[in-house]
Amino acid sequence: MRGRGDNRNTLQTSFHTASRINMTQLIKVETLEPGIVSVTLNRPERRNALDIELLDQLCAAIDRLADDQTNRVAILRAAGPVFSAGLDLREAADSSLVEQSAEAVQRALNLLRETPLIMIAAVRGGAFAGGAGLMAACDIAIAATDTKFGFPEGRRGLLPALICGVLKHKIREGDLRDLFLAGEVIDASRAQNIGLVQRVVPIERLLDEALRVARSVAAGGPETIRQTKALLNALYNQNGAAGSHLIQTHLAARCSDEAREGLAAFIEKREPNWS
């Protein structure tokens, strides 16, 4: 374990995939305490929309943190007032990036669940569509009382196929049907009631609560906690065939006429014409 120092002195590091020229720091990492790190989505000007580069940098950061076994717990946060608006729909409208985008989303969701790091999401403002999926892929989700959640994919001509594999383990079938089919925004209280988040606290206590829970996790034996997460993953994880079906379903929807119309309507700031 690293030596104990000033808990608020942070070491910030950005991780980038070698194939990318754009060096924008879309993920920031800070050491909060020995064994506890913060991983921050850093695209506030786009409400932390999930584009390929951000997801690639997130996966690279998680992989590198997990390689150092002194890191026990990672708190997933976001810069700005919104946790994540979901998939970057301007990028999603580019047909040449459809497959790459879908694979980036699936890899991030899988990695958050499978990494030996215990992932705690600390969410404020809003978490929508794929952004709510990232949150749900974490082991524990803590939301500020002002947070809103929603799955508006149907209004964009898209299917929530990739996040189904995460949400089906956390939300009852009836509630999941309600969220996906009606597409309505819900508040933090209902999100907790249906199992989308595990804890709700006032916004000024959000980081403190995440740190408190992280310390509680870190009080367990390091290998025992890693094996407990692996045990839970083995109990709940879908098999590979199901995962392949979900990404194929997602890709088919992304290439549909309704997806083209829904995304165009979003970009042009108009109502979609489904006829």
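Just a few scattered comments:
- Shape of region 137-238, Cα gyration tensor, a/c cut at 1.5: oblate
- Here region 27-267 is treated as a sphere whose radius is the Kirkwood value from Cα pairs; by Stokes-Einstein at 20 °C and 1.002 mPa s it diffuses with a coefficient of 120 µm²/s.
- Look at the dipole of the chain built from charges on Cβ: of L58, A104, I267, the Cα furthest out on the positive end belongs to L58.
- Kirkwood Rh and Cα Rg combined as Rg over Rh, evaluated for region 63-201: 0.96
- Sorted peptide list for 220-229, 58-67, criterion being average Cβ within 10 angstrom, highest first: 58-67, 220-229
- Within a Gaussian network of the chain (alpha carbon springs, distance under 10 Å), most fluctuating of V105, V213, V166: V213
- Global form of region 30-82, assessed from the alpha-carbon gyration tensor, a/c cut-off 1.5: oblate
- Computed helical MRE - 222 nm, the chain, DSSP H runs ≥ 4 contributing -39500 (n - 2.57), nearest 500: -13500 deg cm²/dmol
Computed from the coordinates by the stated procedures, all read-outs in this text should not be read as laboratory data. Just so we're clear, the structure is a prediction, and the values are computed from it rather than from any experiment. Cβ coordinates were reconstructed from backbone atoms using ideal geometry, including for glycine residues, and neighbour counts include every protein chain displayed.
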